[in-house]
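This report concerns only the one structure given below.
The values are calculated or read from the model by the stated rules, or taken from the named source; none is laboratory data. The structure displayed is predicted, hence computed values, not measured ones. Positions of Cβ are backbone-derived with ideal geometry, glycine not excepted, and every protein chain shown enters the neighbour counts. Each accessible area value is taken on the protein alone, full model and side chains, heavy atoms only, with ligands, DNA and RNA left out. Shrake-Rupley method; radii C 1.70, N 1.55, O 1.52, S 1.80 Å.
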Amino acid sequence: MQVQSQYKSQALKHQQAQTKLALSKGQIVKGTIEQLHPDQMATIKMGNQSVAAKLEVPVEKGQSYVFEVTSSGEIPELKMIEQQVVKQEASLGALLKNMGVPVTKEAEQLLRQLLSENIPVKPSQFKAALAIYKAHPEPEIKNVLMSMVKHQIPLSSETVTSFARGLADSTSLLVDQLMQTLNELVPSDKLTQLMQQLSMVKTPVASPDSAIFALTDTQMEQIMALFNQKGIQLTQGADVPNALKQLLESQLGVNEQTAQQLKQWVALERLPLNQQERLMFLKQNQAQINTVFPDIDGADLGARQSISKEIIQAVVKASSEQVALIQKSPSEQMVGMEKLHTFLKEHPSLLEKVTRQLPVNQQQGLQQFMDRPTAGTAGNIKAFLTQLFDQQLTQTDFKALTPLVKETNLLQTLPVEQQFLVGVKDFLLQSGLTYEQQLLDSTDISVTLKQLLLDVQQSSEVKLPAIDQLIQSLTDQQLSIVRQDEHFIHYGVALPITTGEDQEVYLEMYGQKETSGELNPDYCHVAFYLTLGSLGETIVDMAVQNRTIQVTVINNQEVANLLEPLKPSLKDGLARLDYHLTSLHHRPFKDKEPVVNHHDVYKKAATDQKRWDMRA
């Protein structure tokens with residue numbers, strides 16, 4: 001897919017200018033004295049940023065020096081390493097010796113570029129970078145090292161060469177090549193499982209067509225079981241597309257832990273808290289315990305009066321039958337609703353999403369509850385909130401649902417935006433790109449594409465280059481999907497979502513980072529890089545400021561007349577997400593903007609140190 005790279009670089013630089021420079025203890029950095037203040041304070045210019053810092057020795061305004069950060073915080077403290085002005089071509093030998101590094105041509109070259117780019121670096125980090133640069137003195141390797149040092153990414157030869165290589169081919173193309181290779185091999189259980197996983201990687205997005213889906217009896221049973229669990233009743237197969245659309249529209253976009261907490265606050269029941277309640281649970285759920293743990297003697301558990309929390313949680317999670325829990329007292333129920341009230345007040349965007357999911361009369365009830373949280377106002381909305389929170393899909397639910405949706409063509413019955421969101425979620429969960437994050441979140445971990453590839457690679461007697469290439473491609477994306485510093489975060493990923501052309505979609509999001517470490521949805525930039533069948537190369541750029549959005553479509557064809565009829569529906573759709581559309585306009589690519597392959601954009605994101613200049 002062809003995309004325009006300079007546009008992305010300019011947009012990112014605009015955002016970078018608002019990013020505060022972050023310094024940490026032990027770093028070496030060059031700065032120019034802008035202003036001198038009392039009490040040994042000075043304003044020091046480092047790249048595009050000005051930093052207020054306390055100095056240990058007198059300095060001269062307008063001159064440049066090399067400093068060591070001796071203390072970080074709101075007002076960092078800096079120590080001048082050498083009490084002399086830093087000149088452009090002056091020898092850096094004394095500075096290298098001060099850092100404990102032998103003076104060599106390569107060391108001077110690398111350090112000079114770090115200082116000229118105003119990239120803070122610790123001596124240990126510099127030594128690691130220098131060792132790699134000596135082994136790989138190519139210019140692109142040096143550029144990658146600049147980027148990785150800047151973003152505090154651990155350095156190793158493997159990660160550096162991975163960044164420098166970029167993506168040679170798209171995930172979709174590599175998947176196709178591997179499937180052709182596997183078709184020529186003798187089938188085995190592992191190969192069959194891998195083929196099934198590979199066949200689900202791509203997500204085609206097209207205009208909705210409700211007449212193309214087909215469900216077998218088994219698939220219908222699986223769909224109905226999931227929907228019934230979410231409180232959506234189905235009576236016939238024809239209801240499935242509408243029910244699926246309703247289920248996806250009800251998603252609030254919260255993480256799994258938050259969704260579980262919301263359910264617990266409004267629930268009428270809870271897990272047992274003490275041994276007496278656990279014994280009651282044992283008595284009421286003997287059959288379910290025997291089903292989940294056939295080797296455990298229920299009578300023996302009762303005699304010993306011991307049933308662990310782990311057993312209870314496993315039975316609740318694994319049992320296909322209804323499990324009897326402990327009824328909450330009215331006071332317990334009210335405590336949960338008060339916690340919900342506090343949480344919604346602290347998260348107004350979530351409150352807005354919840355409000356839009358409720359019928360008009362219940363919206364009024366929710367507002368009354370938010371104004372005056374009493375047992376009466378809580379009771380008026382509890383049933384509706386319980387139904388809404390129960391419909392939130394877990395990662396386990398999603399992993400069970402998406403293969404069915406794709407296999408049966410149910411995906412193509414959905415609106416285009418839901419097709420796209422299913423494709424994004426499915427790829428991130430199934431590929432293994434977010435495996436480490438799932439471990440941190442303690443979510444259910446199933447076998448991912450990358451794990452299967454590694455299993456087949458290690459067990460195969462014949463070396464399969466196509467497997468190696470796909471593993472490397474996924475590893476490259478894992479290394480490059482997130483870039484961040486103390487105040488700024490960037491996501492960029494190539495998604496195997498096709499739009500008529502057999503090309504991937506490149507998605508980029510960047511902006512302010514919240515204290516939770518997540519992207520601030522109120523202040524960010526989102527861009528989609530597409531190849532569309534009749535329109536060709538297209539960028540859809542969305543600038544978000546205080547939840548107001550300006551949308552720009554960049555395309556070399558005359559598409560302004562096509563955009564205007566879409567404006568009302570786009571405005572309404574964004575309003576349902578609590579965003580306000582202020583403008584929708586079109587412009588062509590600029591004449592001087594080079595159009596490059598999107599794999600080059602991905603590579604550029606990893607190697608162009610100016611593009612990633614978030615601190616200087």
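Couple of notes before you dig in:
- Comparison of M179, M200 shows that the only residue that is surrounded by 14 or more Cβ atoms within 10 Å (Cβ to Cβ) and free of Cβ contacts under 8 Å to residues at least 60 places away in the same chain is M179.
- So V526, is it modelled with pLDDT of 90 or more, in contact with a Cys (Cβ under 7 Å, 6 or more places away or on another chain) and either surrounded by 18 or more Cβ atoms within 10 Å (Cβ to Cβ) or among the hydrophobic types (A, V, I, L, M, F, W, C) (or both): no
- Subset of region 574-598 [open to solvent by 70 Å² or more (accessible area, probe 1.4 Å) and modelled with pLDDT under 75]: K590, D591, K592, V595
- Neighbours by Cβ (under 8 Å, 6+ apart or cross-chain): first from region 531-544, free of Cβ contacts under 8 Å to residues at least 60 places away in the same chain and within 13 Å of M509 (Cβ to Cβ); second open to solvent by 40 Å² or more (accessible area, probe 1.4 Å) and assigned to a loop (DSSP other than H, G, I, E, B): V544/Y579
- Test: E34 is at pLDDT 65 or above, closer than 23 Å to L130 by Cβ and not β-branched (V, I, T): no
- Qualifying residue in region 501-515 (condition: hydroxyl-bearing (S, T, Y) and open to solvent by 10 Å² or more (accessible area, probe 1.4 Å)): yes
Residues are listed down the side, and each one gets a yes or a no for (1) open to solvent by 30 Å² or more (accessible area, probe 1.4 Å); (2) within 22 Å of the chain's Cα centre (by Cα); (3) assigned by the TED database to the domain that holds G517:
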| residue | (1), (2), (3) |
| --- | --- |
| Q246 | yes, no, no |
| E249 | yes, yes, no |
| Q261 | yes, yes, no |
| P272 | no, no, no |
| Q275 | yes, no, no |
| M280 | yes, no, no |
| Q286 | yes, no, no |
| N290 | yes, no, no |
| D295 | yes, no, no |
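- Complete set of residues in region 390-409 that are over 14 Å from I232 (Cβ atoms) and open to solvent by less than 10 Å² (accessible area, probe 1.4 Å): T402, V405, T408
- Here T342 clears all of (1) in contact (Cβ under 8 Å) with a residue 40 or more places away in the chain; (2) open to solvent by 30 Å² or more (accessible area, probe 1.4 Å) except the condition numbered (1).
Residue by residue, here is whether (1) at pLDDT below 80; (2) open to solvent by less than 40 Å² (accessible area, probe 1.4 Å) holds:
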{"site": "E417", "(1), (2)": "no, no"}
{"site": "L421", "(1), (2)": "no, no"}
{"site": "V424", "(1), (2)": "no, yes"}
{"site": "Q430", "(1), (2)": "no, yes"}
{"site": "L449", "(1), (2)": "no, yes"}
{"site": "L454", "(1), (2)": "no, no"}
{"site": "Q457", "(1), (2)": "no, no"}
{"site": "V462", "(1), (2)": "yes, no"}
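- Qualifying residue in region 388-402 (condition: closer than 18 Å to T258 by Cβ and among the small types (G, A, S)): no
- Residue check, E277 within 25 Å of F389 (Cα to Cα) and either modelled with pLDDT of 75 or more or part of a loop (DSSP other than H, G, I, E, B) (or both): no
- Residues in region 375-389 that are open to solvent by less than 20 Å² (accessible area, probe 1.4 Å) and under 14 Å from L358 (Cα atoms): I381, L385, L388, F389.
- Among residues of region 317-374, those that are closer than 18 Å to T258 by Cβ, modelled with pLDDT of 90 or more and among the small types (G, A, S), counted: 1
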